[in-house]
Every structure is written in structure tokens, then in C-alpha cells.
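Everything below concerns the one structure shown next.
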Amino acid sequence: MLEEQFDAPRQFCMATHSMIIRSSSSSSPSSAFADSSPLRETLLPLFSIRSLTFQRKSCFSRLRLRFFAEKHSQLDSSNGCATNFASLQECRLSPLVSNHNLLALNVKLVLCCFVKFSKFVRLLSLAGEQVTEEHVTKGESTLSITVVGASGDLAKKKIFPALFALYYEGCLPQDFSVFGYARTKLTHDELREMISGTLTCRIDQRENCVDKMDQFLKRCFYHSGQYNSEEDFAELNTKLKEKEAGKLSNRLYYLSIPPNIFVDVVRCASLRASSVSGWTRIIVEKPFGRDSESSGELTRCLKQYLTEEQIFRIDHYLGKELVENLSVLRFSNLVFEPLWSRNYIRNVQLIFSEDFGTEGRGGYFDQYGIIRDIMQNHLLQILALFAMETPVSLDAEDIRSEKVKVLRSMKPLLLENVIVGQYKEHSKGGKAYPGYTDDPTVPNHSLTPTFAAAAMFINNARWDGVPFLMKAGKALHTRGAEIRVQFRHVPGNLYKKNFATDLDKTTNELVIRVQPDEGIYLRINNKVPGLGMRLDRSDLNLLYRSRYPREIPDAYERLLLDAIEGERRLFIRSDELDAAWDLFTPALKELEQKKIIPELYPYGSRGPVGAHYLASKYNVRWGDLEDA
Ligand SMILES: NC(=O)C1=CN([C@@H]2O[C@H](COP(=O)(O)OP(=O)(O)OC[C@H]3O[C@@H](n4cnc5c(N)ncnc54)[C@H](OP(=O)(O)O)[C@@H]3O)[C@@H](O)[C@H]2O)C=CC1
Ligand SMILES: O=C1O[C@H](COP(=O)(O)O)[C@@H](O)[C@H](O)[C@H]1O
């Protein structure tokens, strides 16, 4: 009802500011680590959370507006007082929002919400926090981001650089600090020294980059502690509070640590270092378990301390530009959506390859293997986005619900529909490349697959019978990730005789190249210019580097910003995770129980031939190899 009333301004704002309305559930947190404080627990039964974000050019206004909206949107009450006082105020910034209904609603809202707002401020002070009315009305809040496992590879390679990029682009709030937490003993300066080497001025506006780096590094601090020590987290809490200086504080934890210590950290942080006046959110890195049981157990343990709303399960492939663009491509272009079904699509291929081995991560990798490392999460997530029905809205819950429906409509992977491989050493150009089991952290006789190909099916009206083929491998000849959509033959093709015998080569193919060299191209048949009638295959090619010269943000930037903003669209909900594991667990167990021996392929090759047999079983040819 309320959303409807907001339609007019929403449409206007969408046109002018590219606005997105999001709503999230208002389930009341029950754990010690609720998405905020005791204060919020008092308030939550009264409030429903609805937030409205304007995506403007600058991240700063995006954040500022969200802060405003989040704070005030919670003024909705159970007595029918309308929501989104702030939203409306923001929309009223627009001179065009002069709809009569809206004006009437405005007056009602302002009166109604003024009462609620006073109550909110009173409750804030009652909660005994140092947050003053002045802080709230001025919109003063602080953000602390704690990177747990700060001494590790991912933190150095991705998280700190992404945080710096966000800072550089003005996407972090005015008042923020970054804490590194790990067991390694480091001073603040040593942490700064460590991360300064990985920060880059990669953004196109390069001016003042060095100054910006210095300013950013000054906001970075370090606290050394054990992952299972409540005392150490209590000390962290003291340091966080010092920086927060009594303002309304929001806290984001990034768990960049091995999964066996996730729960310890969540327990300690929840009990001793959660925010008492603002929200507390936790980004959890994969792997989320090894199978359905362990994943379920992990979720149960995390939920002893966190609500689902606080858990941000990251799959960084969802933050990649071309993956985000999938829905735009499909749902905002009339030319694609009508073709998006079994009627026109012959098969879909999801391909991931790396031209390097497990170098340095063999210990982790051997416990998981390529199916768990890449297929069960990154490729399956892309598949779900690709195949889902049109969501009701762009709201996180609507999108995630559609993805879950796809996953639950799929048939679990059968052992006969999967082939596995493992790379072996290979010498090329006088250089020797090690095999997987040459890695000192990998057991000599490991059967862990470093390559896999799989055929999966979606049992619904749209996709019945269409093979979704996945292929993922390490130490292959190239690095890339792409989605290939092969269309059916043209019935009664007038130009049949102009093609050689291989009609498969005449079908259209849409390729979405996720990386590197992001692009989208559509393979079509075209007349070669000239007096004759010769056809060839050409590409309608959207190459990002030509069309959009600005550098594409790293996936971690987008995801960190979303977590800060409370946007869950690109994070995995627990039912999605359960459905994803249910698809792979039986085959994974069988592979392990039957000790299936992977087909060896040389380092730097195109992978095992078994992948071709699997594809041909479904009358498919891998598009990437045809292309090469
Ligand atoms: N690296 C990558 O490219 C990717 C990583 N991930 C995931 O992100 C998380 C972090 O990855 P990454 O940085 O590579 O991991 P690391 O192995 O580098 O571990 C991060 C930190 O955790 C601490 N740590 C490591 N092993 C243990 C242990 N057995 N017990 C307690 N503490 C330990 C160490 O810090 P200290 O000793 O100082 O406490 C280490 O610096 C993992 O869950 C990983 O699966 C996901 C995608 C890609
Ligand atoms: O999650 C993972 O992803 C990386 C590949 O990520 P990319 O963004 O560089 O494509 C992979 O190397 C790693 O094994 C896996 O855990």
C-alpha cells in the first residue's frame, strides 16, 4: 500500500536520480549480536525497516541519503503511522513531486513521524549510551570496519585495496576507521606499511592519490589478538569506542580467516565487541561448509549470535560488473527476454579457467577441490541469476527469492554428469610447471580435482531439457570467466546451402565475458560484402574498454559498499546456500566415497578430454574451444 503511494515520486526519482527502493524484513533480532543494540531491540517491535536509496553520481550522497533514510525510516510504527518520513523528505527535494495525494500524505507523515522521532530520540538517551539527541539530529555516526585475519592474503590483496578505493572515491562516510585484527603482532605503523604496498591509485582521477593514501592510512589501526579470546575482543571494543567518541556507531566485521575459526570470532565479537548504538554486520568469506550438513551446522552456529540480516555471505563473483549486468541485459532489453527459454536456447555454458595452479593455497584447496571452490558458489550463482524469473522488484529479497526458486527447481548433479581432472607437471619453453601434487602442502596421492565439468538441468517450464554446462579449472592455458548462450538452429533456414555442412556453427551465440577484457558479443551470420552471396560469422561486439574507458571497480569494492549500506542483493541468503549445497552434496560424496581418479591434464593445457565427451553426450560443443 505504502509503496504504491510512493509510486509517483519513485518514478520521478528513478528518472532523475536512478533511485532504488529497497525494503527489508523487520524481524526482531533475538541474539546478543542483534543488528544493533538493546536500544534497537526495544524499538524494533515498533518499527519496520524500509529504506530508500538514491543512486547519485557521488558515493557520498548515496551514503548520506541512506543514513538519513535508514535512521528515519524506522519511524514507522504499528499504529499505522506511515513509513519513510525521510524518504519523502528526500523526494520532496524534487520540485516536481507535487502530486496532491502525496502532499496530503506528507502532512500526515510529518506530524505522525515527528511524534515518533521525538520518541526515538528519547529512547536513545534512555538507553544510557553517549549518543546524544544532537548527534542523531545532525546525522553524526561513525563506521568501524574490522578486517579479521588482516595479516592474510585476501586482506592484503583485496580488502584493504578495496577500502582505499572506496575512500578515494568518497564512498566511505566522513567518520570511519579501519581496524586490522589478527594474531600476528604488528604495530599500527607496521600494518600501514604492510598494506601501503598493496594500495594502488588505479582510479582514473589520479590527482592527490598519494595524499589520499596517507589520509587513508592514518585511519587504519591494528589490534593483535586470538580469535577465540573474548578478552582480546573486549580490548578491541575499547579501542573501537575510543575512535567512535560516543557517536552513534556502526560496525562491520570482515571475516578474512579460515572457516574453522568463523564461529569463535563471531562469538567473541558478538559478546564483547558489537555496537550498542548502531548496527553490527559481519561479512563471511567462503567456504560456507563442505557439504549440506557442515554448511547447515555453520549456519546454525552463526545464528546463535547473529540474525540472518547481520550475516553477509560474500560471493565475490556477484560483485563483478558483468554479473551485475546480467539482469540489466535481460530485463531491460526487449530483444533478449523473449528468447530466454528452452524455445530458443539450446544450451548455456558457464566457464571458469585460471592459467595458474593452487600456488600457495594448496593446503586450503585440497580440502575443497574445484567443485566446491568455484562451481557450487560462483558458477551456480551466475546460473541462478541467468535463469531466474523476473523478480517482483529489485529488492534484495525479491531477487534472492527468485534465485532460490531456480536452485530448488534443479536436479541434483549426478555422478554420470560430472568429470574431474587434476593438473600434472609440464615443461614448456624450457620452463617446468609443477603438478598439483608437487605442491608441498598437498598430499602426494591427493585425488582432489583441480578441474571439473558438469551438466545440470533445471526442471521448470522455461528450462526443461536445456543443458547448463559448467567447466572450471586451474592451471589451464588461459584465464577467463564467461557465460555462453548457444541458440537453436533457424528453422527452414533459407541460407542453409550457403553454409558448409556444419549447421551448428551457424547458430547464434551470445557471450558475456566476465573477465578479463569484459565484454558482451553476439555471434551472428552476416553477408560478406561483395557481389556474391558468401556468409560468415561476425560479432556484434560491446567491448567495455572501448565503450567505457573508465576502469571497472573491483568486485570487493561494490560488495563492501553494499554491506556498509545494508544492501543484501549481492549476498547469499541461507536458503540459497542450503539449496546450492543440496545440488552438489550427493555427487561430491560419491566422488569421495568411490575414490574417483581424476583425469590428469598437463599444466597449461585445455584440460581433460573427458569434458568433450560430457558435452557431446548432450550434443554440445564448448564455445570457448571453438572460438580459440
Ligand atoms: N586468498 C584468496 O584469494 C581467497 C580467499 N578466500 C577465503 O578468504 C578467507 C581468507 O583467505 P586468506 O587470506 O587466503 O587466508 P590465510 O590463510 O592467508 O589466512 C588469513 C589469516 O588467518 C590467520 N590464520 C591462518 N590459518 C589459521 C589457522 N589455522 N588458525 C588460526 N588462524 C589462522 C592468519 O593470521 P594470523 O596468524 O596473523 O592470526 C592469516 O594471516 C578464507 O576463508 C578463504 O577461503 C576466498 C576467496 C579468495
Ligand atoms: O573464490 C575464489 O576465486 C578465485 C578467483 O577469483 P577471481 O576474481 O580472481 O577470478 C580463485 O582463484 C580461488 O581459488 C577461489 O577460492
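The values are calculated or read from the model by the stated rules, or taken from the named source; none is laboratory data. Since the structure is predicted, the reported quantities are computational estimates derived from the model, not experimental observations. Every residue, glycine as well, gets a Cβ built from its backbone with ideal geometry; the counts of neighbours run over all protein chains shown. When the accessible area is computed, the model is the full protein with side chains, heavy atoms only, and any ligands, DNA or RNA have been set aside. Shrake-Rupley method; radii C 1.70, N 1.55, O 1.52, S 1.80 Å.
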So, by mean Cβ neighbours within 10 angstrom, what's the order for 400-407, 156-163, 528-535, 380-387 with the highest one leading? 380-387, 156-163, 400-407, 528-535
Classify region 272-331 from the C-alpha gyration tensor, please: rounded if a/c falls under 1.5, else prolate or oblate depending on whether a/b exceeds b/c. oblate
Using θ = phi - 60° and the Karplus curve 6.51 cos²θ - 1.76 cosθ + 1.60, what whole-Hz ³J(HN,Hα) does each residue of region 397-407 get, with Gly and Pro shown as x? 5, 5, 5, 5, 5, 5, 5, 4, 4, 4, 4
Given charges at Cβ of Lys, Arg, Asp, Glu: region 210-268 dipole, positive-most of VAL263, LEU248, ASN228: LEU248
What does the charge dipole of region 481-522 about its Cα centre add up to, to the nearest 20 debye, if the Cβ of each Lys and Arg holds +1 and the Cβ of each Asp and Glu holds -1? 300 debye
Taking amide H positions as placed in the peptide plane 1.01 Å from N, state which residues far from ARG281 in sequence (5 or more) or on other chains have amide H under 5 Å from it. ARG251, LEU252, TYR253
How far apart, in nanometres, would the label points at GLU626 and THR441 be if each is projected 7 angstrom from Cα along the Cα-to-Cβ direction? 3.9 nm
Filter the trypsin sites (Lys or Arg not before Pro) in region 536-583 to those in DSSP coil with at most 10 other Cβ atoms within 10 Å of their Cβ, and list the result. ARG550
What distance in nm lies between label points placed 7 Å from Cα along the C-beta direction at LEU339 and ARG183? 5.5 nm
Expressed in nm to one decimal, what extension gain is obtained for the pair CYS201 and ASP536 from 0.36 nm per residue of sequence separation less their Cα-Cα distance? 116.3 nm
Of the listed peptides 514-520, 314-320, what is their order by residue-averaged count of other C-beta atoms within 10 Å, with the highest listed first? 314-320, 514-520
Checking region 405-500 for chymotrypsin sites (Phe, Trp or Tyr not before Pro) in a loop per DSSP with at most 12 other beta-carbon atoms within 10 Å yields TYR495
Give me a comma-separated list of calculated 3J(HN,Hα) values for region 229-234, in order, Karplus coefficients 6.51, -1.76, 1.60 applied at θ = phi - 60°, integers in Hz, x for any Gly or Pro. 9, 4, 4, 5, 6, 5
Want the number for GLU590 to CYS301: 0.36 nm per residue separation, take away the alpha-carbon distance, what's left? 101.4 nm
For SER141, residues with placed amide H under 5 Å, excluding near neighbours: none
State the number of lysine pairs found in region 142-248 whose Cα atoms come within less than 20 Å, restricting to pairs 8 or more positions apart or on distinct chains. 16
Provide the FRET efficiency to the nearest 0.05 for the LEU414-GLU242 pair, computing r from the beta carbons and using R0 = 41 Å. 0.15
Using only Cα atoms, locate the centre of region 279-325 and the centre of region 437-509, then give the distance between them in Å, rounded to an integer. 28 Å
Segments 351-358, 291-298 sorted - mean Cβ within 10 Å per residue, highest first: 351-358, 291-298
Return the sequence-ordered ³J(HN,Hα) values of region 536-550 in whole Hz as given by the Karplus equation 6.51 cos²θ - 1.76 cosθ + 1.60 applied to θ = phi - 60°, using x for Gly and Pro. 9, 9, 10, 10, 8, 10, 9, 9, 4, 5, 7, 7, 10, x, 5
What FRET efficiency, computed as 1/(1 + (r/R0)^6) with R0 = 45 Å and r the Cβ-Cβ distance, is obtained for VAL210 and ALA432, rounded to the nearest 0.05? 0.65
Given labels modelled 7 Å from the Cα in the Cβ direction, how far is it in nm from SER229 to VAL528? 7.3 nm
Amide H to amide H under 5 Å from GLU599: which residues, 5+ apart in sequence or cross-chain, H placed 1.01 Å off N in plane? VAL420, GLY421, GLN422
Hey, can you find the accessible area per residue of region 259-380 for me, probe 1.4 Å, expressed in square angstrom? 32 Å²
Cα-centre dipole for region 258-324 with unit charges at Cβ (Lys and Arg positive, Asp and Glu negative), debye to 20: 260 debye
Given the Cα-Cα distance of ASP355 and GLU321 and 0.36 nm per residue of separation, how much length would full extension add, in nm? 10.1 nm
Please state the shape class of region 507-605: rounded when a/c is under 1.5, otherwise prolate if a/b exceeds b/c and oblate if not, all from the C-alpha gyration tensor. oblate
To the nearest 0.05, how large is the calculated FRET efficiency for ASN260 and THR390 if R₀ is 30 Å and r is the Cβ-Cβ distance? 0.15
